[in-house]
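Any read-out appearing in this document is the output of simple, stated calculations on the displayed coordinates, not a laboratory observation. All figures in this text were calculated on a predicted structure; none of them were measured in a lab. Cβ placement follows ideal geometry from the backbone for every residue including glycine, while neighbour counts extend to all protein chains displayed.
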Amino acid sequence: MTFVTSAFVLNLDTSLVRPGLRLAIGLSGGADSVALTRALSARAGELGLVLHAAHLHHGLRGADADADQDFARELAASLGLQFHTGHVDTAAEARQQGESIEEAARRLRYAWFRELLAAGRLDAVATAHTLDDQAETVLGKFLRGAWTEGLSGIHPIVTFADGLILRPMLAVTRPEVESYLASLGQTWREDATNSDPAFTRNRIRHQLLPELERWNPQIRAHLANMAALARDEEAFWQAELARVAPQLILTGRPVRGGGRASTNQEAVALDIVRVAALAPALQRRLLRHAAHSLGVSLGYDATESLRRLSTEGHSGQRLTLPGTLLAERTPRELRISPHAAPPAAVLPQTLPVPGEATAFGHHFRAESAAPQPAATIRNWRPGDRVTLRYSSGPRKIPEVLDRLRVTGADRAAWPVVEWQGQIVWMRGADLQPAPGLTLSAEPVPGSADAF
């Protein structure tokens, strides 16, 4: 077998592997994974690798997906690699979990990789993520308002209890991949869904990034560099928090004579004088860490509100945070604790389709070409999801409420309209229209519930 020296080979990071490693390559059949398979197979002896190939059939794309699986099996056989394959129903899983197809496919794929690792026959799985994938990921995270941990993008190594996920191609570009395969005369499979603009990543890949490249031809490399910087920054902050947090985040309530008493529910507190003396960057990190210890991840706006309460608030002032957390300012402390949301005061209201109804300070009108099952006007419930207009998939309602900056008692009683098992209207949100239904909601003049 001829070993081709190319930009692809030079940029492949083999420092991630070690002699004797039992490594499976995630072989989808696409150009990236085929290139990684060919390159590592050519150097397996030199690197001391025990190579396998792993292909997951996602239950999508029918005969094309079957052909992908056959292609991957034949390529593995031609290279003398042991072949692992599995089959999942991604569409059914996405419906059941309220996820987009992209989200469900990724979760199922990594769950299967972990199953292979847990079986004890492999030490690691390598995926063929490229510099282009990294750039798309970072840009997508930036557009969603990610913090440093999100901007760190795709990590070269992810460690699980059962083994490792390795990404040795993060410095390789797609043109380098295709040039390498052309030099070998190696074919690959094309996935038609990679051009479907319904998927957010495809719009970033085919529309947004090419437009940004007109402004800066090096934008992909810069985004990948940002990910590397963010990973190092995040590693520093995690080490700093491990040092500082135990000194500044306290549990229980203070008691006379010193010390702290445990409470019936989890709660944390921070000394406002000590927090005020910290740099804003550390204040934000510390407050987010405190909320995370109670199982809640705060976005920027909630974090800033909490920081202002800590540094500028007054005793007795309270702040309701996402995830039903309550922050309370005392003369000496900022206390954060779980806070049960008050029960909804408005009973569900039936909305005929077609027909009209009034609830939540609004007059609803449902129009349809023919009689349909009635809709229900109600408060949102845990587990509800909505699909925003132009979004790639469903979103949890608390995420949308965060975007709308809804806090306090209003958050728990926020109204939605459910029709045929789908949320088709949510106050303040622009949802994807439901086929066969036209729904409008007009505020009732003078109503305190109208917005």
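How high is the relative contact order of the range 7-219, in percent, with contacts defined as C-alpha pairs under 8 Å that are six or more residues apart?
Working: 302 pairs, mean separation 54.1, N = 213.
Relative contact order for the range 7-219 comes out at 25 percent.
How would 304, 211 line up from fewest to most surrounding beta-carbon atoms within 10 angstrom? Write out the running numbers ahead of the final one.
Values: 304 15, 211 10.
Sorted ascending by nearby Cβ count, the order is 211, 304.
Rounded, prolate or oblate: which one fits the chain, using the alpha carbon gyration tensor with axes a ≥ b ≥ c (rounded when a/c is under 1.5, else prolate when a/b beats b/c, else oblate)?
On the way: a/c = 2.31, a/b = 1.37, b/c = 1.68.
Oblate, because a/c is 1.5 or more while a/b does not exceed b/c.
To the nearest 20 debye, what is the magnitude of the charge dipole of the chain about its Cα centre, counting +1 on the Cβ of each Lys and Arg and -1 on the Cβ of each Asp and Glu?
Values: 48 positive and 48 negative charges, 318 e Å.
The calculated dipole for the chain is roughly 1520 debye.
In terms of its C-alpha gyration tensor, the range 7-219 comes out rounded, because the ratio a/c of the largest to the smallest axis stays below 1.5. Computed as a quarter of the hull surface, the mean projected area of the alpha carbon convex hull for the range 79-134 stands at 5.5 nm².
According to the square roots a ≥ b ≥ c of the eigenvalues of the Cα gyration tensor, what is the shape class of the range 293-341, taking rounded for a/c under 1.5, prolate for a/b larger than b/c otherwise, and oblate for the remainder? Cα axes put the range 293-341 in the oblate bin.
Just going by the charge dipole of the range 349-443, with Lys and Arg at +1 and Asp and Glu at -1 on Cβ, which of 424, 372, 354 is farthest out on the positive end? The one lying farthest along the dipole's positive direction is 424. Helices in the chain that qualify as membrane-span-like (whole DSSP H runs, Cα extent of at least 27 Å along the helix axis, mean Kyte-Doolittle hydropathy of 0.0 or higher) are 219-248. So how far, in whole Å, is the C-alpha centre of the range 111-169 from the one of the range 273-324? Cα centroid of the range 111-169 versus Cα centroid of the range 273-324: 30 Å apart. Mean separation of Cα pairs under 8 Å and 6 or more residues apart, divided by the residue count, gives the chain a relative contact order of 11 percent.
For residue 321, the residues whose modelled amide H falls within less than 5 Å of its own, excluding neighbours fewer than 5 places apart on the same chain, are 326, 327. Treating r as the C-beta distance of residue 304 and residue 22 and R0 as 56 Å, the FRET efficiency rounds to 0.75.
Provide the FRET efficiency to the nearest 0.05 for the residue 232-residue 367 pair, computing r from the beta carbons and using R0 = 45 Å.
Details: r = 56 Å, r/R0 = 1.24.
Efficiency computed from Cβ-Cβ geometry: 0.20.
Ellipticity at 222 nm from helices only: DSSP H runs of n ≥ 4 in the chain, each -39500 (n - 2.57), divided by the residue count, give -12000 deg cm²/dmol.
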